[in-house]
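Have a look at the structure below before the remarks.
The values are calculated or read from the model by the stated rules, or taken from the named source; none is laboratory data. Remember, predicted model here, so these are calculated numbers, not experimental data. So basically every Cβ, Gly included, is an ideal-geometry build from the backbone, and we count neighbours across all protein chains shown. The area values use the complete protein model at the heavy-atom level, side chains included, leaving out ligands, DNA and RNA. Shrake-Rupley method; radii C 1.70, N 1.55, O 1.52, S 1.80 Å.
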Amino acid sequence: MSEPPDVMETRGRTAFSLSERSCTHVTRPQTVVPSAVARKFRSDLDKAITKRKGEFDTFVFVHNDRRGIHPKLTSLLMTAHDDHPELSFENFSRRHFYTEFCKMEKWQVEDFLGPFPAEPVIVGIVLEELIPLLDHLTIYRRPLEDLPAIPRPPLTKMEYNGFSWDIRHRMKLALSYVNHVEDYYRSRLDPNERDEVAAGFREHYEMIAQTCEDSDDILWQLERHVLGNASQQSPLELNALVVLMYFFGECEIFKVPPPGWIPETEMGVAT
């Protein structure tokens with residue numbers, strides 16, 4: 001078990017703690033003024049380096065802005081890394097909170113939030129940061145448009161992971177629209193948004209895969225991770241699957257076939 005964090009400073013709207021060679025910097029406002037946060041960040045980073053020089057290798061920027069990190073703050077982290085190449089800098093957002101929360105045991109969650117409700121709770125879309133992307137797909141995904149051919153690698157990956165025929169049929173339909181997801185991320189101001197979302201899916205996939213080997217069930221749980229457990233309309237269900245298939249094709253989730261792997265169907269063996 002790791003040692004409890006060493007609290008360095010708690011002053012105003014920020015706090016520091018040292019744990020496992022990481023210095024965690026917390027900013028509390030849910031809606032921030034980038035220029036003010038930038039000034040505070042630089043000041044607090046200088047204080048941390050001055051007071052605890054050599055005691056940490058990673059400076060973790062923790063925030064609870066529901067919109068994600070502002071592009072100016074992303075640039076600030078990159079500049080800080082250039083100024084202090086001996087340190088690594090991490091952005092710990094609401095997605096990271098959710099990922100860590102999912103790793104907790106039931107008793108830990110109840111100790112933190114109180115007893116679970118006696119009745120199941122129906123929730124809608126869980127990943128609020130994906131709502132703009134899902135809205136984008138609602139506008140631009142057209143069922144009757146000329147769809148591009150699906151490249152071979154994702155199809156091979158489907159077979160390698162052992163998806164059932166019915167699930168593969170849905171996945172192929174969704175794969176035809178992943179270009180809209182690529183277009184969406186190219187238009188975003190935050191250059192790290194795509195990587196942040198990819199990391200979240202990869203971490204959640206790995207967590208599920210530790211206790212589940214059935215690819216169909218893993219994919220279903222990933223869809224619930226996006227949409228919650230409420231019943232959704234068919235177009236929204238497909239849009240969520242399009243998002244997942246984008247990261248499937250980018251090799252962020254599910255197992256990647258080893259080089260040279262050939263499906264049994266292509267070797268003339270019936271399945």
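For the condition within 23 Å of PHE97 (Cβ to Cβ) and either surrounded by 14 or more Cβ atoms within 10 Å (Cβ to Cβ) or of a type in the set (Lys, Arg) (or both), GLY200 qualifies.
On the stretch given as the range 216-231, residues that are open to solvent by 10 Å² or more (accessible area, probe 1.4 Å), in contact (Cβ under 8 Å) with a residue 24 or more places away in the chain and in contact with a helix residue (DSSP H, G or I) (Cβ under 9 Å, 6 or more places away or on another chain) total 2. Considering the conditions (1) in a helix (DSSP H, G or I); (2) at pLDDT below 90; (3) aliphatic (A, V, I, L, M), VAL181 is excluded by exactly one of them, (2). Applying the criterion of at least 1 residues that are at pLDDT below 80 and buried (at least 17 other Cβ atoms within 10 Å of the Cβ) to the helices (runs of 4 or more DSSP H) found wholly in the range 33-148 leaves 34-51, 71-83, 94-102. I want to confirm something. Restricting to the range 169-195 and keeping residues that are open to solvent by 60 Å² or more (accessible area, probe 1.4 Å) and without any contact (Cβ under 8 Å) to a residue 12 or more places away in the chain, which single residue is nearest to GLN221 (Cα to Cα)? Top of the filtered list is HIS169. Pairs linking a residue in the range 234-260 that is in contact (Cβ under 8 Å) with a residue 24 or more places away in the chain and within 13 Å of GLU223 (Cα to Cα) to a residue that is among the charged types (D, E, K, R) and in a helix (DSSP H, G or I), with Cβ atoms under 6 Å and 6 or more positions apart or on different chains, are ALA240/GLU223.
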